[in-house]
1. Can you tell me which of A:Trp134, A:Trp126 is surrounded by fewer than 21 Cβ atoms within 10 Å (Cβ to Cβ) and assigned to a helix (DSSP H, G or I)?
2. If we scan region C:399-409, do we find a residue that is in a loop (DSSP other than H, G, I, E, B) and either open to solvent by less than 30 Å² (accessible area, probe 1.4 Å) or within 14 Å of chain B (Cβ to nearest Cβ) (or both)?
3. Tell me, which residue of region B:156-212 that is closer than 14 Å to A:Phe173 by Cβ and aliphatic (A, V, I, L, M) is surrounded by the most Cβ atoms within 10 Å (Cβ to Cβ)?
4. Going by what's in this entry, would C:Arg241 be described as within 16 Å of ligand 2 (Cβ to nearest atom) and either of a type in the set (D, E, K, R) or over 30 Å from C:Ile472 (Cβ atoms) (or both)?
5. For region B:129-171, which positions are under 20 Å from C:Glu219 (Cβ atoms) and among the small types (Gly, Ala, Ser)?
6. Keeping to region C:118-155, report how many residues are buried (at least 19 other Cβ atoms within 10 Å of the Cβ) and within 14 Å of chain B (Cβ to nearest Cβ).
7. If I go through region A:176-193 residue by residue, how many of them are part of a helix (DSSP H, G or I) and surrounded by fewer than 23 Cβ atoms within 10 Å (Cβ to Cβ)?
8. Restricting attention to region C:96-109, report how many residues are within 8 Å of chain B (Cβ to nearest Cβ) and buried (at least 19 other Cβ atoms within 10 Å of the Cβ).
Amino acid sequence: MHYSDLAKRIVDELLRPDGSDKLRPVHTIGIGATGYFEPSEVAPQYCKADHFITPRTKATLRFSNGSGSKTQHDDWSDVRGMATRFHLSDGTDTDLIMMTLPEFFARTPEEFLEFTLAAKPTEVHWVSPWKKIWQMLHLIPPQPDPYPDEEISPNEGAIKFANENRYSQLAVFQAAAIGAPVSYLRAAYHAVHTFVVTGEDEVERWVRFTWQPIDGVKNENPLDPPGADYLQGRLRDRLADHTSRFTLMMQIGEVGDAFDDSTKPWPPHRQRVMMGTLTLDHAAEDTKAQDDYFEKLSFNPMLLTPGIRASEDPVLHIRKEAYAYSSGKRDATPCPFSGGAEDDQ
Amino acid sequence: MTNKDTWFNRYVNSLPTRGWFKLLSRYVVVPYWIWRDPKPKLPGGPRESPQPSENTQRMMNLIMPLKDPSPMGRAMAAMAIAQNVDEIFSGLDNVGTVHTARFLILGDNLCMISVYDGDFSNYIRDFIETIGSVFDAVISQIKGAEHMIPTCDHVEEFIEWVHDHDLFQAPDFPTDLFALQDAAKGLPTDGPAHEIMTLPRDLILQLHANPNLSLGGGYRSYPGYSAAQVRDKFGVGW
Amino acid sequence: MNKQVKKDVDIDAIERDVQGNILRSYSRHLVRHLMLEVTNVAAARRFLGVAANGGSEAVPAITPGSDWGKAKPPSNFNIGLTFEGLKALGVSRRTLQTFPVEFSQGMTKRAMKIGDFGDSAPDKWPAPFDTPEKVHIVASIHADEEGQLDKVEAQVAKAFTVLGVRDGRGLGRGKVFFGYKDSISQPRFKWVKDRTQATADEPLDPLGTILLGYPTSMEDMSFRVPYPDALGLNGSFNAFRILAQASYDYEIYLDEAADFLLKHKDVDLLLPPGAEKKVGKGLDRHAALREIVAAQMCGRWRNGTPYETSPDTMDPDPDVSPTNFDYSAQSRCPAGAHMRRANPRGGHIVQRIATYTRRLVRRGMSYGPDFDPDDFDRKNPDRRERGLLGNFLCANLGAQFEAVMCDWLNVGLQTPSITGTNDPLLGANTAETSRFDLTLPDNAGTISIYGFPRFVTARGGAYTFLPSLTAIRYLSEL
Ligand code: HEM
Ligand code: HEM
């Protein structure tokens, strides 16, 4: 596959000084899990893809912290990821990659590069107490103090960028307040981009997907942090003798909605279809073999299957190359797009 | 990195929870900003948008101050509703676009809370046409509304009045507040960006201009369907 | 309570007082709309004074509504004022406040409500509509010869600043772009004689449907007459709309729809084999399906024959009435058809109370280069701007024009089966979301077609007040 300079540049620039080129440049710390997906009875009307018409489809997942730091900081405020691979009945796979932030920072790859450059982690600063008082008198909430071991952070640059670019404000504002979930199983995740699904009657719909945890969404109390390493343990504990489930909700876009712009989430009043249930029954064990397997996986948001196709969202399209290039760069198990061949659709 | 976590820093961090600072904020800082950066009152009700699901199951939160908030006055308001149940129910059926509607007496207000489909003005106008007399009975209990009786002769004025007493509905996405405030001031909504960390202040100041509001558009279990569609699907006629 | 019911009205006096083209159509070949700014108030008032009193050598007379019989004037001249225009002429604040809010805000502020977003958004409108605050008057000249238009325009330009001009014309045989015969159905007013509607059997509309100061079809309810009566009475409101029509894309969509239908499993229900001969002269199956889609989307075949009463053919024998039909649950005219959305007639609708209350008088002509739907080059898209200079007249823009636009043409609240879809001809559609349900005979259900874009975009317009002649005199004397 041919990688555009832009895709390569973005991936290269994403790498943080405290990250590793052996690991993912973002969503660096994570843990695998497995389970199965069962479509709802109405799902085939909306999407004829294999996993929506087959009673049960096996799935492999990886949950992650959004940060590109290779040091684990589960209790820091951060976006989390949930990458799902469905193993379809014909032996092929399809991926559905989601994160806890409901929208993205940029409308185009070019803008995302600008954002990436602007939000390069910089040395963290303590805001002086005098400045904080000044801010409070201006009814501006002061930036929280850095975490005890925090040395570099993208926040300052991201906020500066958002102050100049309306389109990135919602994502930056919500990311700044996102916090830490009590468990990977207690967060809602969003696929953010628009996809086009085709129903059994061949009708196409422009849609957006969300995973909703049936256990409920719950965040940690930031004033009483549970420590840097708890998410993987809790996932293993929970799945050791329970299952945990997510509902797949699909919003249907309407006239006037942003189909190709993932900085604009759709309001919660769109028609919502219950598409199915994901049941997780295994967490990756704490072994090198399991770790190697899941950490070498390469997901790709463009790994789709007949019945689901990408919208025109340019960010979604560049992610195809970016993920494939990143996978090769870190020497991971290739995804079908990172095989080296020119297999562009 | 030097440890800046001094005693002073910790004290400053705790200011928002300290009594004296709260008093200072409440009586000096906030009033100062209200004076310095006043926000126009934002209009009530759902905002115009093209999506069908924004045009069905819309909320009305009509808050009408009682002329006489004593138990006597409240009883009069209660009677005005109770004596007109037939009018209201058959009126709602014939307007055809209402999912639910109810009256509350809350604080010193009579409130009409409803979920309706379609355009707000059409809804109120159709309503006046069917049950104008009930509106007359109701608003005769309301402060500053007598001059619109009979409502069927003050259609335009009454629609505007209701709009004005319908609660502002906060946007579903927080940063959209910037654009709403800009629009209310007649500024372009795609002009230079605001500093995002001023959003909390803008919210505080907006809550001064609109002390009561509806927090977002609310949850719907089956959004995007009209009352008639639901009735049709259940086979109970529309 | 119904204070304004006048048992009998002096209709002749009313017709002499209202401007022409409101109660009856001029049926001329040409129109020229002048968008005017009042830059010299004194000159403007002088002009209006003379115009309302029969005109002079230098000033055209305002054409009143009375029937001119055989004495057809060489041209007709009429004006509509925007809220900004009333202000510019010096109307007092107190009086201005008695005008309805949608009019005082103006068309551009109501954009979202009437579907003017995206490519139709007012910030995409060309001059002079990019400065709506300067558009004070829309003056309309109707004539059969271009020289007459020029003559009147020159006279007007002496008293006002002409910001922009839009010329329209009849396309012949009553057609508009997209190839339909138009202006067949119009409201029919009590007391008003209108030859074109003589045989129509829809209920008579009370004068308050179109003029201020008379009972409306809503029992008890009346619209506010702007103060004073000299200004408000016998006035009317107009939504002047410049609506570009994507004729080429419309025909291409009909091609695609016919291709899609030919492969549809239920196509033989929609068009039994061989029935294409009956649909229209010389049509093959593909062409017949195109015409069926066009007919169902509008509610009439393109030659004007109502689909409701003639669903199998555009040339019924014996002929059917062009105006007399009604809708029911068994109707062949789809609930989503343009005409049925714009006027559901006596058919059952969700907003039962609104039946026959949202009537509109339509006066329009086409603009832009010819486009022949029967003979155009599919290889070389002709997307030059063309469309309709439309006037939608009513006594209350909010209760009639906007109400039709926002709940019926778009959104489709009136019938549950179409709620959530927009008018296929002119609704605010996007290919990603559009849907239209074609009806099948014998209540055999529907076939849905998808993927059509927005065919009509707004390119300008204004809400205007059409004052009576008395009111124009009042304004000239301020
Ligand atoms: C231009 C936009 C984006 C770029 C360039 C980008 C880039 C990347 C890269 C390079 C990786 C590592 C891939 C690998 O090495 O296997 C990654 C992982 C990930 N990204 Fe993105 N990303 C973008 C947008 C998004 C969005 C919108 C979402 C959420 C919907 C998202 C969620 C994730 C997740 C969950 C992972 C971890 C996947 C795993 O567990 O293997 N990213 N991203
Ligand atoms: C370029 C845009 C438009 C086109 C091409 C168009 C075309 C037509 C056609 C062909 C008819 C049938 C002829 C007739 O019955 O007289 C019609 C009827 C009608 N249209 Fe339109 N129209 C347009 C815009 C509008 C708009 C914007 C409205 C309303 C706001 C409207 C309201 C009506 C009404 C009320 C009828 C008569 C329906 C009846 O009484 O049965 N039209 N239109």
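1. On the way: A:Trp126 fails: assigned to a helix (DSSP H, G or I).
Step by step, each of A:Trp134, A:Trp126 is checked, and only A:Trp134 is surrounded by fewer than 21 Cβ atoms within 10 Å (Cβ to Cβ) and assigned to a helix (DSSP H, G or I).
2. Of all residues in region C:399-409, those in a loop (DSSP other than H, G, I, E, B) come to none.
No, because not a single residue in region C:399-409 is in a loop (DSSP other than H, G, I, E, B) and either open to solvent by less than 30 Å² (accessible area, probe 1.4 Å) or within 14 Å of chain B (Cβ to nearest Cβ) (or both).
3. First, pick out the residues of region B:156-212 that are closer than 14 Å to A:Phe173 by Cβ: B:171-179, B:193-203.
Retained after the next criterion (residues that are aliphatic (A, V, I, L, M)): B:177, B:179, B:193, B:196-197, B:199, B:203.
Working: B:Leu177: 18, B:Ala179: 18, B:Ala193: 17, B:Ile196: 23, B:Met197: 19, B:Leu199: 18, B:Leu203: 15.
Residue satisfying both the conditions and the ranking: B:Ile196.
4. On the way: within 16 Å of ligand 2 (Cβ to nearest atom): yes; either of a type in the set (D, E, K, R) or over 30 Å from C:Ile472 (Cβ atoms) (or both): yes.
Against the criterion (within 16 Å of ligand 2 (Cβ to nearest atom) and either of a type in the set (D, E, K, R) or over 30 Å from C:Ile472 (Cβ atoms) (or both)), C:Arg241 qualifies.
5. Residues satisfying the conditions are B:Gly132, B:Ser133, B:Ala137.
6. 3
7. As a first pass, look at region A:176-193 and keep what is part of a helix (DSSP H, G or I): A:176, A:184-186.
Still in the list and also surrounded by fewer than 23 Cβ atoms within 10 Å (Cβ to Cβ): A:176, A:186.
Qualifying residue count, region A:176-193: 2.
8. Of the residues in region C:96-109, the ones within 8 Å of chain B (Cβ to nearest Cβ) are C:100-101.
Then drop every residue that is not buried (at least 19 other Cβ atoms within 10 Å of the Cβ), which leaves C:100.
Residues meeting the conditions: 1.
The values are calculated or read from the model by the stated rules, or taken from the named source; none is laboratory data. A quick note: this is a predicted structure, and the numbers were derived from the prediction, not measured. No Cβ is skipped: glycine too gets one built from the backbone with ideal geometry, and neighbour counts run over all protein chains shown. SASA here: full protein model, heavy atoms, side chains in, ligands and nucleic acids out. Shrake-Rupley method; radii C 1.70, N 1.55, O 1.52, S 1.80 Å.
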